[in-house]
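Since the structure comes first, as structure tokens, the remarks are kept for the end.
The values are calculated or read from the model by the stated rules, or taken from the named source; none is laboratory data. A quick note: this is a predicted structure, and the numbers were derived from the prediction, not measured. Reconstructed Cβ throughout: ideal geometry from the backbone, glycine too, with neighbour counts over all protein chains shown.
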């Protein structure tokens, strides 16, 4: 009996234990379920709150202004607010209507991109569920096969309203929620036909093509309405990944199936959705397999009305947009193509037209123009007119005659640089000497062959350096003004030796010139202008320093950029840096009157300009391959270059180029009051020469001064900048001393002369690639230093 009782008690105890365990498990499960439920509730509330907040912060849907208004190119305006050009971007779009779009093309896009397009209301729940399932499966299997679920309506919203943010963060949940919401709003505002038309005019399809019309022209050289079935399928197939299926990429060239298989898939989906019959499908596959796709690629190219000015201005805007807003090239192109920006340039249209006409019609020079093998007229020319008071470029002409789009801009491009000849002397020889107080306007140097010491110092490979001028040396002493007027190479070399190559190179860079290492160590480059090259805008800006109190102003081609809502996106400002002292700048401006005097090499500039005060300098590289005149008036600075694109001698001489400069500046200064640049404090005038205070010739007496002034009145040229050689000259500079006096530095932080060896190797000519539109070669000219005026 007792055994049975114990057995029953044991069973009862076990049941109680099991019951308690069940209760505990149930309680735990209940807790877990309640916890999950609360998490679900909280997540739902949070999710609903996120969606509500995201939808509330979505941008307003502007159907007419943004979605349907596809043709919104940016425009350029001149300095008076007149429209001059439409921005040309690397991406092209042509807006067409549904009547111009073949049914096969529209059906191909619907089949491959959104097969339930005509059934949903902006979002496709079935496709979203399928994409979600595929994404979860990809993550479980550690695959990177994220699948999109965007409808055509959502894609249109993204491309028109969220392009920049989608490029920066393509998986942004906030953006996708807003896209879905706005897509549903879009479906209420527009018909399916309107949505599909806008989409097919918008979608990026590789290369330069935006929209189906641009794609048809790019891939098949035809209009969209003329596309056949397999061409329609190919274009629709590009939409998913234009770069992956781009037929002209290196990968696609090696393996055509990259884009052919995609085209086959589009054809299959068209058959599956009953847009084409089985027989049409089979015929299309046969045509595809028989290489009947028929690519006939064409690169779409356009030319600006004012190509020489507008293209650099747009490039400057692109650079500044990327710098200020950290945009990519694609985003900048999109903004310029569709953003309806207003770019206000600094161009004076009347002056731009006049300068172009002067270079095209060179009646003054009686040029014997020829046409090279590429149809480009020669000699070529470029010019820049610059307002150094504001930093605004007023005219920029990069060539003469008709030229294809994107030809070398000889006034602006860093890919077409030419040696300056003697037009560099004011920047690297005379200005440094005046600024460092090594010499004055009245200092004299013998116009005689170099001493044996200097020939040896600047020689190379055992050969002495022995440059010459066109005319035999006078063997007489010349003042700096007279030497500059006659463009004496021998005087310039001796003076540069006093300045030092290191100082000369440092000043060149402060004036805005770019030098390579060969330039910096070459007396021929720094004293005679045989540098690797520069352009006319650079030289115009450099000469502006002499009229701007020694300040270099950074050239700007636009003043502001305004978006379609009137907001200022970019504003360019006048910026300057000190190059030389105001006193040295004024002395140099006075010295630059000499080349424009009756005995100066640029006398024709004065003949053409008339009474407006001015100063300038000629330049001609070896064998007259590159001819220059650079100078300034109280209003503008300007530079003109003439030469052949193949860098051969062009049979023109620098006085003629000075004449063109005078004609251009006569137009630029027309109707301007006759005035001169104001003399700054710290400068004294003795006769027609000016000196920085404390550097006046000490051997002049009042009677000498009176005599000098009387001599000056007898000068043939009445221009106040025209020099008369001072018969009461200060002591001649010693030819053997090459050390810069330690007490001559007036605060300038330029490095002192290191007395390094020079280089008489001619670095002239054009060491940059020659314009492929004009042919030519890169062979440097012979090593002679004649004719650098």
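What the table shows:
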item: Residues that are assigned to a helix (DSSP H, G or I) and surrounded by 19 or more Cβ atoms within 10 Å (Cβ to Cβ), drawn from the stretch 328-348; result: 332, 334, 335, 336, 337, 338
item: Checking residue 537 against (1) under 30 Å from the mean Cα position of the chain (by Cα); (2) within 27 Å of residue 582 (Cα to Cα); (3) in a loop (DSSP other than H, G, I, E, B), the condition it does not meet; result: (3)
item: Residue in the stretch 279-287 that is within 30 Å of residue 109 (Cα to Cα) and part of a loop (DSSP other than H, G, I, E, B) present; result: no
item: Residue 454 part of a loop (DSSP other than H, G, I, E, B) and either over 30 Å from residue 355 (Cβ atoms) or touching a residue at least 24 places away in the same chain (Cβ under 8 Å) (or both); result: no
item: Single residue of 603, 599, 624, 589 found to be in the same structural domain as residue 538 (by TED's automatic domain parsing) and at positive phi; result: 624
item: Output for the stretch 379-407, where each listed residue is at pLDDT below 95, touching a strand residue (DSSP E or B) at 6+ places or on another chain (Cβ under 9 Å) and assigned to a loop (DSSP other than H, G, I, E, B); result: 379, 400, 401, 402, 403
item: Neighbours by Cβ (under 7 Å, 6+ apart or cross-chain): first from the stretch 417-445, on the phi > 0 side of the Ramachandran plot; second surrounded by fewer than 24 Cβ atoms within 10 Å (Cβ to Cβ); result: 437/692; 437/695; 437/744; 437/746
item: Residues satisfying the stated conditions in the stretch 177-214, i.e. surrounded by 18 or more Cβ atoms within 10 Å (Cβ to Cβ), out of contact with any strand residue (DSSP E or B) (no Cβ under 7 Å at 6 or more places or on another chain) and in a loop (DSSP other than H, G, I, E, B); result: 190, 203, 205, 206, 207
item: Hits in the stretch 506-531 (condition: in contact (Cβ under 8 Å) with a residue 60 or more places away in the chain, outside any helix (DSSP H, G or I) and in contact with a helix residue (DSSP H, G or I) (Cβ under 6 Å, 6 or more places away or on another chain)); result: 511, 529, 530, 531
item: Residue 361 assigned by TED's automatic domain parsing to the domain that holds residue 554, modelled with pLDDT under 90, closer than 21 Å to residue 626 by Cα and surrounded by fewer than 22 Cβ atoms within 10 Å (Cβ to Cβ); result: no
item: Residues located in the stretch 606-649, provided they are more than 21 Å from residue 528 (Cα to Cα) and crowded, with 24+ Cβ neighbours inside 10 Å; result: 606, 609, 614, 636, 637, 645
item: Among the residues listed as 85, 114, 124, the single one being surrounded by 21 or more Cβ atoms within 10 Å (Cβ to Cβ) and out of contact with any helix residue (DSSP H, G or I) (no Cβ under 6 Å at 6 or more places or on another chain); result: 124
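Rundown of residues vs (1) farther than 20 Å from residue 216 by Cα; (2) assigned by TED's automatic domain parsing to the domain that holds residue 404; (3) surrounded by 19 or more Cβ atoms within 10 Å (Cβ to Cβ), yes/no style:
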{"residue": "273", "(1), (2), (3)": "yes, no, no"}
{"residue": "279", "(1), (2), (3)": "yes, no, no"}
{"residue": "283", "(1), (2), (3)": "yes, no, no"}
{"residue": "296", "(1), (2), (3)": "no, no, no"}
{"residue": "302", "(1), (2), (3)": "no, no, no"}
{"residue": "306", "(1), (2), (3)": "yes, no, yes"}
{"residue": "311", "(1), (2), (3)": "yes, no, yes"}
{"residue": "314", "(1), (2), (3)": "yes, no, yes"}
